[in-house]
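One structure below.
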Amino acid sequence: MNGHGRTAIRKVHQDTDQRPFLVIWESTRACQLVCQHCRADSQDQPHPLQLTTAEGKRLLDDIASFGAPSPMVVVSGGDPFERSDLMDLIAYGKQQGLSMALAPSVTPKATRARLAAAAAAGAKAVSISLDGASAATHDGFRGIEGVYAATLPVCRDIVDLGLRLQINTTVTAGNVDELPDLLRQVIDLEAFLWSVFLLVPTGRGEALQALPGEEVEDVLHWLVDVSRHLAVKTTEAPHFRRVVLQRRRVGEVDVAEHFGLGPTYRRLRVGLDALLAERDLPTRVPRPPLDINAGRGFVFIDHIGNVHPSGFLPVPGGSLRERSLPEIYREAPLFRELRDLDLLRGRCGICEYRNLCGGSRSRAYAVTGDHLAEEPYCTYQPSGGPVLDTAGAPA
Ligand code: SF4
């Protein structure tokens, strides 16, 4: 399949210098889980300086002030169900015309009644983490036994309540071979979208084993194959967009051969073929990945109101307690730098795909201490050709 006339990469319509497409709000760091890869280093109690209800509403006002089309808002954590004002905040965001989504943890607080209340307050989608296809892997990741068993009914409740279910999976060396089984579960759970996150070695995630660059390439190519059957997106893997475009440009070839992929791709492909043989999965037009990156269409607000380009880039551009979100997003030097793709260094700085990729700025920072350094988990060697646009033409 060669695209069916749809663009390979989706360019957001709004000017990302002026407004984000997606806002993630870490509404609290309180959470009853202690996940190994937690960006937030979650705590069992909320921080005393966590944004108050009034400050949260002011943040939602700020987001609405970007104007139509309004950014999408994901209320995250920690665990947002630890906030007693959560439903009030969702309802307030909806009143301001915002599209509200929720990223809770699977704890005893994630009840059907609370999910139903979130839906009634105006939430449209809920994302849930599933990092292993078995209790051993998933619970090992989470650090608590029984979370895997509790996750499946929560997912079913979400779908049953008419909410869109997004499954988030963090890929590491420890679970990469489970990806086909995870895919089977994502399909069985009727998820609307599978979001595959490439580990950023920060927070508790530093202790986990990240995939080497060659295997990342294998996984990204496999995800292109999967996208023909299920909507997938990547988090902190903007080079997925480069792979999507490369695949679009070569058409139907022996992918492993053409791109020199490794045994991980071949194993994952065998797993996908087995699943396709077992299930009658329809072929679909792939969901084009969205061309946004840290500080460029994407912004993260932490629990005490610091505004970051990404939840995995622990450098704030400013505080909501001092400046408004639009001011910080548009004017903070950090954000402006991240939108100036000519400032990228190393291979990213000379890469013909930099306009539509740009590498994970969070991982560059986590690994090198320089948010403009080249993406450490990308093996691509730039060709020296002209910079390409999202359609693959010279920009
Ligand atoms: S070198 Fe950098 S810009 Fe080029 S594809 Fe890799 S991560 Fe993207």
How about K11: which lysines have a C-alpha closer than 28 Å to its C-alpha, ignoring those fewer than 8 places off in the same chain? K94, K124, K233
Can you give the extra length, in nm with one decimal, that the chain gains between Q95 and A150 once fully stretched, where that is 0.36 nm per residue apart less the Cα-Cα distance? 16.6 nm
Sorted by chain and number, the residues with a modelled amide H under 5 Å from that of L290, at a separation of 5 or more or across chains, are R10
Label zone at L276, where the point sits 7 Å out along the Cα-to-Cβ direction: region 219-243 residues whose backbone N lies under 20 Å: 219-233, 243
Beta bridges per DSSP with both ends in the chain, % antiparallel, nearest 5: 15
Which order do peptides 248-255, 149-156 fall in by mean Cβ count within 10 Å, highest first? 149-156, 248-255
Burial ranking of peptide ranges 61-73, 309-321 (average Cβ count within 10 Å, highest at the top): 309-321, 61-73
Can you tell me which of 163-173, 123-133 comes out highest on packing, and rank the rest after it, using the mean Cβ neighbours within 10 Å? 123-133, 163-173
Between K124 and L49, what is the label-to-label distance in nm when each label sits 7 Å out along the Cα-to-Cβ direction? 3.4
How large is ³J(HN,Hα) for each residue in region 315-331, as worked out from phi by the Karplus curve 6.51 cos²θ - 1.76 cosθ + 1.60 (θ = phi - 60°), to whole Hz, x for Gly and Pro? 10, x, x, x, 10, 5, 7, 10, 9, 6, 4, x, 4, 5, 4, 7, 10
Could you give log10 I(q)/I(0) at q = 0.18, 0.21 Å⁻¹ for region 244-293, computed by the Debye formula over C-alpha point scatterers of equal weight, without solvent? -0.83, -1.04
Roll a 1.4 angstrom probe over the protein heavy atoms and tell me the percent of accessible area of region 155-228 that is carbon or sulfur. 42
If amide H atoms are modeled at 1.01 Å from N in the peptide plane, then the residues at a separation of 5 or more from R284, or on another chain, having amide H under 5 Å from its own are H229
So, for the chain, what is the accessible surface per residue at a probe of 1.4 Å, expressed in square angstrom? 39
Leaving ligands, DNA and RNA out of it, report the carbon-plus-sulfur percent of the accessible area of region 270-395 at a 1.4 Å probe. 53
Hull surface over four for the Cα convex hull of the chain, reported in nm², is 17.7
So for R0 = 51 Å, FRET eff. of V387-T111 from the Cβ-Cβ r, to 0.05, ends up at 0.55
Using modelled amide H (1.01 Å from N, peptide plane; none on Pro or chain starts), what sits under 5 Å from the amide H of S195, excluding residues fewer than 5 places away? I167, N168, T169, K233
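The values are calculated or read from the model by the stated rules, or taken from the named source; none is laboratory data. In this text, all values refer to a predicted model and were calculated from it rather than measured experimentally. For neighbour counting, all protein chains shown are included, and Cβ atoms are generated from backbone atoms with ideal geometry for every residue, glycine included. With ligands, DNA and RNA removed, areas are computed over all heavy atoms of the protein, side chains included. Shrake-Rupley method; radii C 1.70, N 1.55, O 1.52, S 1.80 Å.
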